[in-house]
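Data block below; observations after.
What follows is calculated from the coordinates using simple rules that are stated; it is not laboratory data. All values derive from a computational prediction rather than experimental measurement. Reconstructed Cβ throughout: ideal geometry from the backbone, glycine too, with neighbour counts over all protein chains shown.
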Amino acid sequence: MSRRIEQLENSLLPNTRISGNYSRKEQDMIRSYVLLVHAEIESFFEERAKSKVESEFIKWKNKRKRSNTLLNLVAFLGAEIDWSKKKRTDKDQIQFRLNVLVTHFQNGVVQKNNGIKPDNLFKLLLPTGLEVADFDPTWLIEMENFGKDRGTIAHQPLSVQNTIDKVTEVDRIKNRILPEIAILDRLLSNK
């Protein structure tokens, strides 16, 4: 993901202007950069969560290895399944139940995710084994603001948007968003 974000920076962003005055086309390129970086981050979290749950389920099927991820999956999503509609012989088997939960997570939670604000991240990552305490509160505020700014860029006419500054956006992404993502990724690998 970091490599892709660097590619976007190199291919989309204009040269830095000390005055901060960018042409309309350059402003559009900066907005495009923000939208595409947001999409890359969203995709990263979705794929990371999906692969973590999938790999833990495979370990459980092959070796019956217990997993904090699978425990969290049951705790966070178990009540979302209508077990009464499942056959008694099936729903009494743990592998069947775990398979239903993993499928629900991948095809429901992950596929229906639409953003990187804290609520989106918690829905994706708490079932994988991360805990709310693992998230830096300042970073969560940053993600809320980044999500809102992306929404404004994507859904509001240019006439109501503020001028966007290249240096500010690159700093936010490189120095305030990506480092914490790397920390969460390491935590997830160790769960």
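So here's what we get for this one:
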read-out	value
Sites matching trypsin sites (Lys or Arg not before Pro) across region 93-166 that sit in DSSP coil, with at most 13 neighbouring C-beta atoms within 10 Å	K112
Positive-pole candidate from V167, Q27, S2, dipole of the chain, charges at beta carbon	S2
Violating pairs (Cα-Cα greater than 24 angstrom) within the set K112/K148; K85/K191; K25/K148	K85/K191
Additional length obtainable on full extension of the chain from Q156 to S2, 0.36 nm per residue less Cα span	52.7 nm
The chain, relative contact order [Cα under 8 Å, separation at least 6], %	27
Dipole magnitude of region 51-118 about its Cα centre (Cβ charges: Lys, Arg +1; Asp, Glu -1), debye to nearest 20	240
Radius 15 Å from Cβ of D185, net charge of other residues (Lys, Arg +1; Asp, Glu -1)	0
Sum of side-chain charges, N175 neighbourhood, beta-carbon under 12 Å (Lys, Arg +1; Asp, Glu -1)	-1
Three-way shape call for region 85-191 based on the alpha-carbon gyration tensor, with the a/c threshold at 1.5	oblate
Straight-distance crosslink candidates among aspartates and glutamates, where the alpha carbon sits under 16 Å from K50 and sequence neighbours closer than 8 are dropped	E40, E42, D185
Unit charges on C-beta of K, R, D, E only; dipole of the chain, Debye	980
Cα long-axis angle, helix 2-12 against the chain (0 to 90 degrees, to the nearest 10)	30
CD proxy at 222 nm, helix term only [per DSSP H run n ≥ 4: -39500 (n - 2.57); per residue of the chain; nearest 500]	-20500 deg cm²/dmol
